[in-house]
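Here the structure comes first, spelled out in C-alpha cells, and everything after it is commentary.
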2 protein chains.
Amino acid sequence: MSLLTVGTVAFDAIETPFGKTDKIIGGSATYGSLAASYFTDQVKLVAVVGDDFPKADIRLLESHGIDTEGLQIKAGEKSFFWSGKYHIDMNSRDTLVTELNVLESFDPVIPDSYQGVEYLMLGNLSPQVQKAVIERLDQKPKLIMMDTMNFWMDIAMKELKETIALVDVLSINDAEARQLSGEYSLVKAAKKIMEMGPKTLIIKKGENGALLFNGDSVFFAPALPLEEVFDPTGAGDTFAGGFIGYLAKTDDTSFNNMKKAVIYGSALASFAVEKFGTERIIKISDDEMEDRIHRFIDLVQLEGKF
Amino acid sequence: MSLLTVGTVAFDAIETPFGKTDKIIGGSATYGSLAASYFTDQVKLVAVVGDDFPKADIRLLESHGIDTEGLQIKAGEKSFFWSGKYHIDMNSRDTLVTELNVLESFDPVIPDSYQGVEYLMLGNLSPQVQKAVIERLDQKPKLIMMDTMNFWMDIAMKELKETIALVDVLSINDAEARQLSGEYSLVKAAKKIMEMGPKTLIIKKGENGALLFNGDSVFFAPALPLEEVFDPTGAGDTFAGGFIGYLAKTDDTSFNNMKKAVIYGSALASFAVEKFGTERIIKISDDEMEDRIHRFIDLVQLEGKF
C-alpha cells in the first residue's frame with residue numbers, strides 16, 4: 001500500500017560523547033521515510049528544503065524508492081537547521097541552534113499523484129501544518145499516524161488537540177504523555193489521551209521500550225539492551241516510519257498486527273542509534289533485519305508452560 | 001526444596017502521596033520470605049528483632065509456613081526502624097529516619113535444623129553479615145542469590161565485592177549496576193559485574209521491568225503498566241523472594257527456568273506495590289496469581305509469524 005510521510009527534511013549538527021558531525025541530513029520525514037522504505041516501495045514524501053540542500057541527499061532518498069515529487073525546494077532560502085548536544089546518559093540533550101528558515105512559512109502541497117494514499121505518517125511539525133495535510137487529502141487514508149513534541153504542548157496545546165482529534169494513532173514519549181494528559185500514571189494518561197480521539201496510542205520510553213495502547217488492550221515492546229547508544233537523533237521518527245511502513249506493507253491495522261509493527265519500529269530504531277544520523281539506516285541488509293527481529297523476539301521469549 | 005532467607009525484619013513508617021502509615025512490619029527478609037512462601041513451604045528465616053517486635057507479626061510469618069527458629073529476639077533492645085517519604089513520581093524517596101538498633105551488632109546464627117538448605121537468599125544487609133551467613137553453612141547451597149544497595153557501595157565497596165564473588169545471582173537496580181561497574185551502558189555493566197563472580201545478574205528497573213543476564217544471554221521481563229503505584233516499599237525484596245521461591249519450588253536453575261522465575265518475581269512485586277507494606281502480599285489467592293501471570297505473558301505476546 002502507498003504511504004505518505006510528511007515532516008521535516010533538514011540539516012542536523014550533532015554532538016555526542018562519542019564525537020560530533022558537521023551538517024548532515026536529518027529531519028522527521030527523512031528518518032520516517034527511510035525507515036518505511038524497508039517495507040514498501042510506495043513511500044511518498046511531502047516536506048520543504050532551501051536550495052542549499054544537497055541534490056545528493058535528495059537522490060539518496062530517491063535511491064530508497066521514496067517519491068520526492070512533494071519535496072518543495074525554495075529558491076534563495078535556507079533549509080531548516082537544528083544543532084544539539086547529548087549528555088553522557090544519552091537520554092537528555094541541549095538544543096544549541098534552531099534555525100527554522102524555510103519551515104517558518106511551510107505550506108504543504110500535496111501533488112495530485114499522491115491523492116488516494118492509503119497510509120499517512122505525520123512527522124513532527126506544527127499541528128496546524130499537520131492538520132492542513134489531512135484537510136488537503138481528497139480521501140481519508142485508512143490510517144493516520146501522528147508524532148509530535150512537548151514543544152507544541154508548550155506553545156499550541158489547543159491546535160495540537162484539534163489535530164490529535166483527527167488521527168488514528170498518536171506516538172509520543174512518556175514525558176509528553178504525562179504533559180498532554182496531566183496524569184503521572186501512564187495507564188491513566190493513555191486513557192485520557194485516547195479519549196481525545198486516537199484509538200491507538202504509542203508511548204515511547206527510549207531505552208525502556210514502548211507501550212502500545214488500544215482500548216483496554218496493552219502491549220509492551222522492549223528496547224534491545226545495547227552495548228552503546230551512539231546517537232539517538234531520529235530514533236523516534238525511525239520507529240514511527242518502521243511502524244507505519246510495516247502496516248502499509250501488510251495492509252492490516254488489527255491490534256495483533258500493530259504489535260508486530262511496534263517490534264519492527266523498535267528494530268529500526270535500534271539500528272538508527274548505532275551510528276550518527278541516518279548513516280546506519282540507509283543500509284540495513286535483509287539478514288541484519290531478520291537477525292535483529294529475532295533478537296527482539298528472543299528477548300521476551302519463554303519456553304514451556306507456567 | 002528448602003530456602004533460607006536472610007535479611008532484615010523491621011519496622012517501617014511510610015509516607016506516600018496517597019497516605020501514611022504508623023510503624024508497620026517491613027524489612028528485606030519479611031518481604032522476601034512472604035513472597036517465597038507462595039512457592040514452597042520450606043522457607044526458613046534468619047534475622048534479628050528487638051523485644052518490641054509484636055508476636056502477632058511473627059505469627060503472621062509462621063502462618064505462611066515460614067520457619068522462624070532463626071529469628072533472634074534481643075531482650076531489652078529495639079528493632080531496626082526505617083521511615084521514608086516517597087515523591088510524587090514514586091521512583092524516588094527521602095529517608096526520614098534510620099535507627100539501626102539491633103542491626104548494629106547482628107551476628108547471624110544458623111540453627112542446626114537449617115543446615116543443608118538448598119537455596120539461599122541474602123536480602124539487603126551489610127556485606128560482612130551476608131558473607132558470614134555463607135561461611136556458616138556446612139554445605140554450599142545449590143544457588144545463592146544476593147540483593148544489596150548503593151549504600152554499601154558508598155561505604156564498603158571492598159567488602160561488598162568480596163561477598164559478590166561468592167554468589168550465583170546478584171540482584172540490583174540500574175543505578176546500582178552503573179555504580180558498581182562504573183559503566184553507563186547496562187550491557188557493559190552486566191559484563192563487568194558477571195566478571196566479579198555471579199554467573200547471573202538481574203538488573204531491576206522498577207516500572208521499566210527487569211533484565212536477566214547470564215553469560216551472553218539476556219532476557220527482559222516488563223513491569224505491568226499499573227493505574228496506580230500505591231507504595232513501592234519492599235518491591236525489590238518481594239521480587240527477589242518470588243524469583244528464588246520459584247527456583248526452589250521447581251529445583252531448576254536453567255536459564256529458561258530463571259526467565260519464568262523473573263516473571264513470577266515481577267508478578268509478586270506488582271502485587272506488593274498495590275497496598276501499603278506487606279498488606280497485599282499476605283493474601284494473594286491462587287486465581288489472582290494465575291491471572292496476574294497471564295497478564296504478564298499477554299503483555300509481550302505476539303500471535304502468528306513474522
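The values are calculated or read from the model by the stated rules, or taken from the named source; none is laboratory data. This structure is a prediction, so every number in the text was calculated from the model and none was measured. So basically every Cβ, Gly included, is an ideal-geometry build from the backbone, and we count neighbours across all protein chains shown.
Could you grab me the full set of residues in segment A:72-96 that are on the phi < 0 side of the Ramachandran plot and surrounded by fewer than 11 Cβ atoms within 10 Å (Cβ to Cβ)? Of everything in segment A:72-96, those that are on the phi < 0 side of the Ramachandran plot and surrounded by fewer than 11 Cβ atoms within 10 Å (Cβ to Cβ) turn out to be A:ALA75, A:ILE88, A:SER92, A:ASP94, A:THR95. Segment A:38-127 holds strands (runs of 3 or more DSSP E) entirely within its bounds, and those carrying 1 or more residues that are more than 26 Å from A:ALA272 (Cα to Cα) map to A:67-74. Restricting attention to segment B:1-19, the residues that are surrounded by fewer than 24 Cβ atoms within 10 Å (Cβ to Cβ) and under 17 Å from B:THR98 (Cα atoms) add up to 2.
Total residues in segment A:71-101 satisfying the condition of being under 18 Å from the mean Cα position of the chain (by Cα) and under 19 Å from A:GLN130 (Cα atoms): the figure is 2. Exactly one residue out of B:THR238, B:THR253 is assigned to a loop (DSSP other than H, G, I, E, B), polar (S, T, N, Q) and either facing another protein chain (nearest Cβ under 10 Å) or in contact with a helix residue (DSSP H, G or I) (Cβ under 8 Å, 6 or more places away or on another chain) (or both), and it is B:THR253. Residues that are out of contact with any Ser or Thr (no Cβ under 7 Å at 6 or more places or on another chain) and farther than 23 Å from B:ALA132 by Cα occur in segment B:157-173; there is at least one. For segment B:208-218, a tally of residues being away from chain A (no Cβ under 11 Å), part of a strand (DSSP E or B) and among the small types (Gly, Ala, Ser) returns 0.
Evaluating B:GLU176 against the criteria (1) within 10 Å of chain A (Cβ to nearest Cβ); (2) under 18 Å from the mean Cα position of the chain (by Cα); (3) more than 26 Å from B:ARG292 (Cβ to Cβ) leaves one unmet condition, (1).
Take the conditions farther than 30 Å from B:SER254 by Cβ, of a type in the set (A, V, I, L, M) and more than 8 Å from chain B (Cβ to nearest Cβ) and apply them to A:ALA261. Does it pass? Spell out how you get there, then give the answer.
Details: farther than 30 Å from B:SER254 by Cβ: yes; of a type in the set (A, V, I, L, M): yes; more than 8 Å from chain B (Cβ to nearest Cβ): yes.
When the stated conditions are applied, A:ALA261 passes them.
Mind telling me which of the residues B:LYS188, B:LYS283 ends up being surrounded by fewer than 24 Cβ atoms within 10 Å (Cβ to Cβ), part of a helix (DSSP H, G or I) and free of Cβ contacts under 8 Å to residues at least 12 places away in the same chain?
Working: B:LYS283 fails: part of a helix (DSSP H, G or I).
When all the criteria are applied, what remains is B:LYS188.
Pairs please, first residue from segment A:9-30 and in contact (Cβ under 8 Å) with a residue 60 or more places away in the chain, second anywhere and assigned to a helix (DSSP H, G or I) and surrounded by 20 or more Cβ atoms within 10 Å (Cβ to Cβ), Cβ atoms under 6 Å, 6+ apart in sequence or on different chains. Listed pairs, sorted by first residue: A:VAL9/A:ALA29; A:VAL9/A:THR30; A:SER28/A:ASP237.
When A:ASP251 is tested against the conditions (1) within 17 Å of the chain's Cα centre (by Cα); (2) touching a residue at least 60 places away in the same chain (Cβ under 8 Å), the lone failure is (1). You will find that of A:SER113, A:SER181, A:SER126, the residue that is surrounded by 18 or more Cβ atoms within 10 Å (Cβ to Cβ), within 28 Å of A:GLU77 (Cα to Cα) and of a type in the set (Gly, Ala, Ser) is A:SER126 and no other.
Any chance segment B:102-118 includes a residue that's hydrophobic (A, V, I, L, M, F, W, C), more than 20 Å from the chain's Cα centre (by Cα) and modelled with pLDDT under 95? Checked segment B:102-118: no residue is hydrophobic (A, V, I, L, M, F, W, C), more than 20 Å from the chain's Cα centre (by Cα) and modelled with pLDDT under 95.
Residues in segment A:219-235 that are surrounded by fewer than 22 Cβ atoms within 10 Å (Cβ to Cβ) and facing chain B (nearest Cβ under 7 Å): A:PRO225, A:LEU226, A:GLU227, A:GLU228.
Listed here are the residues, each with its yes/no results for (1) more than 18 Å from B:GLY123 (Cα to Cα); (2) not in a helix (DSSP H, G or I).
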{"position": "B:LEU166", "(1), (2)": "no, yes"}
{"position": "B:LEU170", "(1), (2)": "no, yes"}
{"position": "B:TYR184", "(1), (2)": "yes, yes"}
{"position": "B:LYS192", "(1), (2)": "yes, no"}
{"position": "B:ILE202", "(1), (2)": "no, yes"}
{"position": "B:PHE220", "(1), (2)": "yes, yes"}
{"position": "B:PHE230", "(1), (2)": "yes, yes"}
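In segment A:238-280, the residue that is surrounded by the fewest Cβ atoms within 10 Å (Cβ to Cβ) out of those that are of a type in the set (Phe, Trp, Tyr) and closer than 18 Å to A:VAL43 by Cα is A:TYR246.
Check whether at least one residue in segment B:202-217 is free of Cβ contacts under 8 Å to residues at least 12 places away in the same chain and not hydroxyl-bearing (Ser, Thr, Tyr), and report yes or no.
Here is the first cut: in segment B:202-217, the ones free of Cβ contacts under 8 Å to residues at least 12 places away in the same chain are B:216.
Those left that are additionally not hydroxyl-bearing (Ser, Thr, Tyr): B:216.
Yes, that holds for at least one residue.
Just one of B:GLU290, B:GLU303, B:GLU274 is within 14 Å of chain A (Cβ to nearest Cβ) and in contact with a Lys or Arg (Cβ under 6 Å, 6 or more places away or on another chain); which is it?
Values: B:GLU290 fails: in contact with a Lys or Arg (Cβ under 6 Å, 6 or more places away or on another chain); B:GLU303 fails: in contact with a Lys or Arg (Cβ under 6 Å, 6 or more places away or on another chain).
Matching residue, one of B:GLU290, B:GLU303, B:GLU274: B:GLU274.
Against the list (1) touching a strand residue (DSSP E or B) at 6+ places or on another chain (Cβ under 9 Å); (2) without any contact (Cβ under 8 Å) to a residue 60 or more places away in the chain, the condition B:ASP112 fails is (1).
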